[in-house]
Amino acid sequence: LPKNMDMLNGKGIAFDMLGSHDKARIHYETALANAVGDTAFIKNNLALSYIMTGEYDAAVKLLEAVPGVKKMAALRQTLSLAYGLKGNMFRARQWGSQDLTEKQMRDNIAYYKERQGKTAAAPTAPEKTGRHGG
């Protein structure tokens, strides 16, 4: 199924988990090129791949361009993570506090400050993050 976006997205996630981010991105980009319908979940996973390699600006640019991003908890949390790790705690709080308790947000900010400039996996996320990732 070389054009199946769910399969390609899943392979992208697997390659990211193995640390093969270049291969992961090829699968995400192929999924996006062949996508029919909602692609926000693929873009979120591609943004997480960028975050894993410290490419925070690329993640922010990708996600802020998603139509309706403000309505999607998983994307808001990924944006919060990208902003926090790049050192912009104001924007991290702006995006993250919409879904998290104040304590969770404080914990995330502490995590961002500790990990700032380093590659990292996502900290606390809201209960319901959406389809296939985030």
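Every number in this text was worked out from the coordinates using simple rules, so none of it is lab data. Note that the structure is predicted; figures quoted are calculated from it, not measured.
Compared with the dominant Cα axis of the chain, that is its longest principal axis, helix 21-33 is turned about 70°. With a Cα-only, solvent-free Debye model of region 21-104, what are the log10 I(q)/I(0) values at q = 0.11, 0.19 Å⁻¹? Each listed q maps to, in turn, -0.28, -0.79.
Helix 102-115 and the longest principal axis of the C-alpha atoms of the chain enclose an angle of approximately 80°. In the elastic network of the chain, a GNM with C-alpha springs shorter than 10 Å, the most mobile of 76, 25, 91 is 91. On C-alpha positions alone, give me the angle between the axis of helix 73-86 and the longest principal axis of the chain, in degrees, nearest 10. Result, in degrees: 60.
Take the Kirkwood radius over Cα pairs of region 1-60, plug it into Stokes-Einstein at 4 °C and 1.567 mPa s, and you get 117 µm²/s for translational diffusion.
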